[in-house]
Amino acid sequence: MKKLSLLSLLCVLFISCKDDPKPTEKKDTAQSVKQYTIEQIMDNESVLGGSFSPDKSKLLVTSNRSGIFNMYTIPAKGGEYTTITQSDSASVFSISFFPEDERILYRMDNNGDEIFHLFVKNTDGTSKELTPKKGARASFFGWSKDKKSFFYQSNERDNRYMDLYEMDAANFASKLIYENNDGYSIGGISEDKKHLAFIKAINTNDSDLFIYNIDSKKLTKVNTSLSANSPQEFSGDNTSLYYTTDADAEFAYLMKYNMTDGTHEKVSEKSWSINGSYITNKGTYRVTYINEDAKNAIEVTEVATGKKLELPDFKNQSITNVGFSRDDSKMRLFVGGSNTPSNLFVYDLESKNLIQLTNTLNKEVNKEDMVTAEVIRYKSFDGTEIPAIYYLPKQASANAKVPALVWVHGGPGGQSRQSFSSLIQYLVNHGYAILAVNNRGSSGYGKTFFKMDDQNHGEGDLQDCVEGKNWLTKQAEIDGEKIGIIGGSYGGYMTMAALTYTPEEFNVGVNIFGVTNWLRTLKSIPPWWESFKDALYLELGNPHTADSVRLKRISPLFHTDKVTKPLMVLQGAKDPRVLQVESDEIVAGVKKNGVPVEYVLFEDEGHGFVKKENQIKANSQILSFLDKYLKKKEEFKD
């Protein structure tokens with residue numbers, strides 16, 4: 001069954017590596033590149049999913065080619081899309097075909113409010129809402145082994161907790177499997193429906209792992225030490241549980257717990273964290289995902305022999321995700337890189353025939369004009385080594401210096417990765433270098449590094465960003481007098497913290513739905529986060545205790561008088577995580593200083609902008625703001 005980790009929940013909130021803190025190799029000559037409009041850059045396509053139909057003749061995908069996400073099918077042999085939904089308001093996200101027919105399971109929310117409901121699209125074109133209770137959130141949890149039902153979670157009984165249900169695939173009758181009154185996160189169900197895997201968050205890294213017997217109601221603890229533990233799946237014979245753990249190690253590895261005798265067995269360990277692992281439908285292959293220096297590495301092995309499957313070579317691009325048909329004969333692959341959006345392929349495992357199904361990069365955009373990310377490292381104020389992902393415009397050189405931005409990811413606990421970003425490529429194409437900093441507290445670099453910012457937000461992590469700026473100033477191609485900071489969610493908080501607490505370090509800031517009042521944000525988290533609220537408080541601080549003093553001290557809203565540099569704020573009105581009032585108030589506060597402030601508010605977006613029309617507006621206005629206040633600078637003198 002699917003993986004559910006505390007880290008993945010928190011992160012939604014908010015190439016070989018170059019181990020060299022010194023300046024990168026000096027670039028003496030600028031290259032000529034075509035400069036693209038925001039419409040051209042945003043006309044790239046984002047494709048998600050890839051569920052095979054029962055007869056393997058086509059794949060179900062989600063694509064934003066219409067301007068928002070809708071569902072389509074693509075022939076497995078290649079060909080034109082068939083449109084399944086034509087929503088022009090709320091985005092539609094596919095889940096999968098039904099196992100034995102071509103009905104489609106999908107989900108929708110209300111323009112980003114994250115109150116997802118489940119729906120079925122029937123073969124006659126009609127749709128039915130399967131979880132209609134108003135205000136209740138539902139999430140798909142997996143198909144049963146006999147294909148006659150599926151599992152889902154919902155907080156319809158108590159909005160704080162996600163219970164587990166089973167729904168009949170024929171008549172859609174629903175029954176409660178587990179009433180979750182104790183705040184567990186449910187991480188899996190065995191194929192015989194007798195056991196559940198539970199996670200109990202201790203802090204934002206560590207969690208206890210349990211196996212629950214549905215019949216006897218017996219709860220068995222799996223882990224024996226304080227560590228990060230994440231269930232992956234129960235074995236096909238229902239006798240064991242596979243899980244990842246970082247017990248006595250920096251990085252997560254794969255373990256097997258034998259339910260009959262309580263013994264543990266190490267299955268796989270890599271030099272980086274194993275983020276996920278599962279065995280395919282027929283038990284033929286094991287798929288393992290490794291977070292290798294901010295890039296997915298995927299290993300597929302034969303279960304019977306342990307032999308590593310040789311996958312197609314995509315040269316300088318990476319396989320980022322794979323999936324299999326139900327008979328394990330075909331594989332779908334997503335392949336992309338930092339300089340191109342991912343494309344979908346189908347690979348026949350017997351004939352070795354490989355077919356590309358999508359062309360997601362706008363045909364008007366030359367991939368050679370896009371910039372490939374480079375992983376660098378630099379030393380921070382206390383000697384800690386900070387990894388970062390660097391994008392240098394091709395038109396930059398020592399004789400044609402460019403302005404730069406420090407980019408901060410979401411979280412806390414997120415990670416900037418070597419994947420395609422339309423906004424990053426748009427800004428780089430228009431002459432801005434970007435250093436995406438993975439400051440202390442970022443995931444992917446071991447648990448010691450991950451824990452380094454606990455109850456230290458706006459302090460050590462902020463200094464890491466300042467040192468990233470200092471690294472940029474040492475690069476021959478960078479204009480050290482023109483460096484700004486940008487980020488979304490937690491990255492938006494870091495932007496505001498930088499402008500507030502280090503007001504002379506950065507020339508401008510772009511805050512994309514960032515937290516500015518930790519007291520309010522931590523008191524108003526969505527109710528369905530109840531199961532890991534205490535862990536979140538351990539990392540950030542409890543607003544109902546003496547921690548509130550520190551939380552107020554690190555909240556930019558209470559110190560807006562210190563902001564002296566131009567600010568841009570972007571926000572979605574439907575955002576359930578960082579409320580609109582956060583952005584409203586920070587804008588009002590900074591304006592009192594006579595500082596230029598631009599505010600972009602979208603009434604039909606949530607925590608992240610998914611409609612192309614809004615993305616075009618947001619990204620084009622970000623560039624205009626930077627051109628005015630960073631590249632030219634003379635427009636504003638503080």
Next on the checklist: Going through LYS22, LYS34 one at a time, which residue ends up being of a type in the set (D, E, K, R), surrounded by fewer than 17 Cβ atoms within 10 Å (Cβ to Cβ) and at pLDDT 95 or above?
Outcome noted: LYS34
Next on the checklist: Restricting to region 317-339, and then to whatever is within 30 Å of MET370 (Cα to Cα) and either touching a Pro at 6+ places or on another chain (Cβ under 7 Å) or polar (S, T, N, Q) (or both), can you tell me which residue is surrounded by the most Cβ atoms within 10 Å (Cβ to Cβ)?
Outcome noted: SER338
Item to check | When residues of region 223-249 are limited to those that are among the polar types (S, T, N, Q) and farther than 20 Å from GLU191 by Cα, the one surrounded by the most Cβ atoms within 10 Å (Cβ to Cβ) | outcome: ASN229
Next on the checklist: Considering only residues that are surrounded by fewer than 22 Cβ atoms within 10 Å (Cβ to Cβ), farther than 20 Å from LEU557 by Cα and modelled with pLDDT under 95, which ones fall in region 448-498?
Outcome noted: LYS451, MET452, ASP454
Next on the checklist: For region 390-420, give me each residue that is at pLDDT 95 or above and under 19 Å from GLY509 (Cα atoms).
Outcome noted: TYR390, TYR391, VAL402, PRO403, ALA404, LEU405, VAL406, TRP407, VAL408, HIS409, SER416
Checklist entry - Picking from VAL428, VAL371, which residue would you name as being in the same structural domain as TYR493 (by TED's automatic domain parsing) and assigned to a loop (DSSP other than H, G, I, E, B)? => result VAL371
Checklist entry - Which residue, of ALA138, ALA90, ALA76, is closer than 26 Å to GLN580 by Cα, surrounded by fewer than 21 Cβ atoms within 10 Å (Cβ to Cβ), in contact with a strand residue (DSSP E or B) (Cβ under 8 Å, 6 or more places away or on another chain) and among the small types (Gly, Ala, Ser)? => result ALA90
Checklist outcome for this item: Among residues of region 279-310 being of a type in the set (Val, Ile, Thr) and either closer than 20 Å to SER230 by Cβ or in a strand (DSSP E or B) (or both), the residue farthest from the chain's Cα centre (by Cα) is THR301
Checklist entry - Which is of a type in the set (Ser, Thr, Tyr) and buried (at least 21 other Cβ atoms within 10 Å of the Cβ), of SER351, SER397, SER380? => result SER380
Next on the checklist: For region 545-587, give me the residue count where each residue is outside any helix (DSSP H, G or I), more than 29 Å from the chain's Cα centre (by Cα) and among the charged types (D, E, K, R).
Outcome noted: 1
Checklist outcome for this item: Considering residues that are surrounded by fewer than 21 Cβ atoms within 10 Å (Cβ to Cβ) and either assigned to a helix (DSSP H, G or I) or among the charged types (D, E, K, R) (or both), the number found within region 517-527 is 5
Next on the checklist: Against the condition in contact with a helix residue (DSSP H, G or I) (Cβ under 6 Å, 6 or more places away or on another chain) and surrounded by fewer than 21 Cβ atoms within 10 Å (Cβ to Cβ), how does PHE314 come out, does it pass?
Outcome noted: no
Checklist outcome for this item: Of VAL587, VAL595, VAL581, VAL610, the only residue that is closer than 27 Å to ASP479 by Cα, β-branched (Val, Ile, Thr) and assigned by TED's automatic domain parsing to the domain that holds TYR426 is VAL595
Checklist outcome for this item: Within region 196-215, restricting to residues that are over 20 Å from THR245 (Cα atoms) and not hydrophobic (A, V, I, L, M, F, W, C), the one that is surrounded by the fewest Cβ atoms within 10 Å (Cβ to Cβ) is ASP215
Checklist entry - Can you find even one residue in region 343-361 that is modelled with pLDDT under 95 and closer than 25 Å to ILE434 by Cα? => result no
Checklist outcome for this item: Selection over region 461-516 where residues are out of contact with any Lys or Arg (no Cβ under 9 Å at 6 or more places or on another chain), over 25 Å from GLY383 (Cα atoms) and assigned to a strand (DSSP E or B) yields a count of 4
Checklist entry - Is it the case that region 404-420 has a residue that's on the phi > 0 side of the Ramachandran plot and part of a loop (DSSP other than H, G, I, E, B)? => result yes
Checklist entry - Across region 593-638, what is the number of residues that are part of a strand (DSSP E or B), modelled with pLDDT of 95 or more and not aromatic (Phe, Trp, Tyr)? => result 4
Checklist entry - out of contact with any Lys or Arg (no Cβ under 6 Å at 6 or more places or on another chain), surrounded by 18 or more Cβ atoms within 10 Å (Cβ to Cβ) and more than 21 Å from ILE214 (Cα to Cα): does that describe HIS117? => result yes
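The values are calculated or read from the model by the stated rules, or taken from the named source; none is laboratory data. Because the structure is predicted, anything quoted here is derived from the model rather than measured. Every residue, glycine as well, gets a Cβ built from its backbone with ideal geometry; the counts of neighbours run over all protein chains shown.
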